[in-house]
């Protein structure tokens, strides 16, 4: 499924969160949005999820509106704060997605959790799980109905550096086995580089696309890859682009 | 310290303090009857006491059920009709703050010595903690959870039953801690004001007959009921939220 932003603007009162943003995301592509705070990356993701309406312009998901894509259960979302109910076990939290969408074409919540390395934690409650585990349950809940599109808003933002790295690696592995179209929002240049096909760098006030960078690295990209020269070169490219965007923002 | 142990210490030490007070002040038994005298009354008049206890309990529980039904219905309406909440605020503030003995008097003038004014007093005493807590609880649902539900195209009914009500439940139970005990106190006070039956009426009767021992017996019984109501809510809370204490190891 494709996602197409056509001249999208969004105002919150006086604040101009997005100004005339156009971007086409191809089927099966992993695109990361990065930029200084206030650049509207979360707003872009929320518009694609049908959670916000653009003030001007439009977003099309496979030619249709985001709300209709939601109705067809084609969208999975995960945010920085896990959307888990404290009173449900990991398994029942994941299962809740299916209680709503129905089971057509869905994955098995138990298999998915086991596949995510949580085989022994099916019946644990969120407060009994570490932050990284909670986020894996959260992403399982976003994936279990097998949507074609996955929208991730800083899912690893609250985790410590090492957990964050291994979670990024884990997510890359999970997604390499599927053909999902992904929009990923992050603050981390390394995370963006290792996961993405393209990195979209945004500048702030108003939120605009400053640069789009193709990451020309082969897959799969394992942990060893993080010290590879080619990888470090790409990281440097993204980082300098981000610095340019920050300068544009001031 | 263990909570259960603390309760036992209280139950044992209360009569000791009671006896010491009598010893020190040398109060005559028609003013401050000793515990054994009160215990005698409770045993010899237990049939009468139980009869009136039943009356008080029926009043308290009827009023409490009505209060719950009204408060929860209003909280749910407020969630979906914010203008209704805005309209209701001045009403709730006024009704809550008018001294309920005056409302009770008006109710007796209109309705006479029937169960109705007593039930209305219980409703007035217990209704607001439930309304306030459930209204707050329903709004406390996590915004990321609501966002996720929206992207799954879930119905309002699903959002209510799966997200909003579970979020409100701890608030609702907390309201019971205050209000369930309040229903018994409210019923006793209502009976004390105007009824011929119930524990509150027994207090009035005991007073007019200068029978401090009976007043004390009723006091102990009414307190036990109210404390029992509180402990029952705590037990239900512990059961409902038992998953919170289950440990990882």
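The values are calculated or read from the model by the stated rules, or taken from the named source; none is laboratory data. For clarity, every value in this text was computed on a predicted model and none was experimentally measured. Glycine gets a Cβ as well: all are built from the backbone with ideal geometry, and neighbour counts include every protein chain shown.
Annotations for the structure displayed:
- Conditions (1) surrounded by fewer than 21 Cβ atoms within 10 Å (Cβ to Cβ); (2) out of contact with any strand residue (DSSP E or B) (no Cβ under 9 Å at 6 or more places or on another chain); (3) farther than 26 Å from residue B:225 by Cβ: number failed by residue B:174: (3)
- Selection status of residue A:137, within 20 Å of residue B:145 (Cα to Cα), at pLDDT 95 or above, more than 8 Å from chain B (Cβ to nearest Cβ) and under 21 Å from the mean Cα position of the chain (by Cα): yes
- From the list A:8, A:31, the one residue that fits, being modelled with pLDDT of 95 or more, in the same structural domain as residue A:174 (by TED's automatic domain parsing) and in contact with a helix residue (DSSP H, G or I) (Cβ under 8 Å, 6 or more places away or on another chain), is A:8.
- Helices (runs of 4 or more DSSP H) completely within segment B:73-145 that count 2 or more residues being over 24 Å from the mean Cα position of the chain (by Cα): B:82-97, B:100-111
Results for (1) over 21 Å from residue A:138 (Cβ atoms); (2) touching a residue at least 60 places away in the same chain (Cβ under 8 Å); (3) touching a helix residue (DSSP H, G or I) at 6+ places or on another chain (Cβ under 8 Å); (4) away from every other protein chain (no Cβ under 13 Å), shown as yes or no for each residue.
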residue: B:153; (1), (2), (3), (4): no, no, yes, no
residue: B:159; (1), (2), (3), (4): no, no, yes, no
residue: B:163; (1), (2), (3), (4): no, no, yes, no
residue: B:167; (1), (2), (3), (4): no, no, yes, no
residue: B:193; (1), (2), (3), (4): yes, yes, yes, yes
residue: B:196; (1), (2), (3), (4): yes, yes, no, yes
residue: B:209; (1), (2), (3), (4): yes, no, no, yes
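- Answer from A:102, A:50 - the residue that is surrounded by fewer than 19 Cβ atoms within 10 Å (Cβ to Cβ), within 11 Å of chain B (Cβ to nearest Cβ) and on the phi > 0 side of the Ramachandran plot: A:102
- Some residue of segment B:20-35 being under 24 Å from residue B:135 (Cβ atoms) and in contact with a helix residue (DSSP H, G or I) (Cβ under 8 Å, 6 or more places away or on another chain): no
- Residue among A:107, A:162, A:112 that alone is part of a helix (DSSP H, G or I), more than 11 Å from every other protein chain (Cβ to nearest Cβ) and surrounded by fewer than 21 Cβ atoms within 10 Å (Cβ to Cβ): A:162
- Residue check, residue B:3 farther than 16 Å from residue B:127 by Cα, within 24 Å of the chain's Cα centre (by Cα) and outside the structural domain of residue B:187 (by TED's automatic domain parsing): yes
- Residue check, residue A:142 within 14 Å of chain B (Cβ to nearest Cβ), in a helix (DSSP H, G or I) and in contact with a helix residue (DSSP H, G or I) (Cβ under 9 Å, 6 or more places away or on another chain): yes
- Criterion violated by residue A:39 - all others in (1) more than 24 Å from residue A:164 (Cα to Cα); (2) part of a loop (DSSP other than H, G, I, E, B); (3) in contact with a helix residue (DSSP H, G or I) (Cβ under 8 Å, 6 or more places away or on another chain); (4) more than 8 Å from every other protein chain (Cβ to nearest Cβ) satisfied: (1)
- Scan of segment A:176-200 for residues that are out of contact with any strand residue (DSSP E or B) (no Cβ under 9 Å at 6 or more places or on another chain) and buried (at least 19 other Cβ atoms within 10 Å of the Cβ), ordered by number: A:190, A:194
- Remark: residue A:91 falls outside the filter, which requires a residue to be away from chain B (no Cβ under 12 Å), without any contact (Cβ under 8 Å) to a residue 60 or more places away in the chain, surrounded by fewer than 24 Cβ atoms within 10 Å (Cβ to Cβ) and part of a loop (DSSP other than H, G, I, E, B).
- Of all the numbered requirements in (1) closer than 20 Å to residue B:210 by Cβ; (2) over 28 Å from the mean Cα position of the chain (by Cα); (3) not assigned by TED's automatic domain parsing to the domain that holds residue B:218, residue B:40 misses one, and that requirement is (3).
- Residues in segment A:202-250 that are under 18 Å from the mean Cα position of the chain (by Cα), surrounded by 12 or more Cβ atoms within 10 Å (Cβ to Cβ) and either farther than 21 Å from residue A:165 by Cα or not assigned by TED's automatic domain parsing to the domain that holds residue A:56 (or both): A:202, A:209, A:212, A:213.
Conditions (1) buried (at least 22 other Cβ atoms within 10 Å of the Cβ); (2) within 8 Å of another protein chain (Cβ to nearest Cβ), marked per residue:
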| position | (1), (2) |
| --- | --- |
| A:54 | no, no |
| A:61 | yes, no |
| A:64 | no, no |
| A:68 | no, no |
| A:71 | no, yes |
| A:82 | yes, yes |
| A:87 | no, yes |
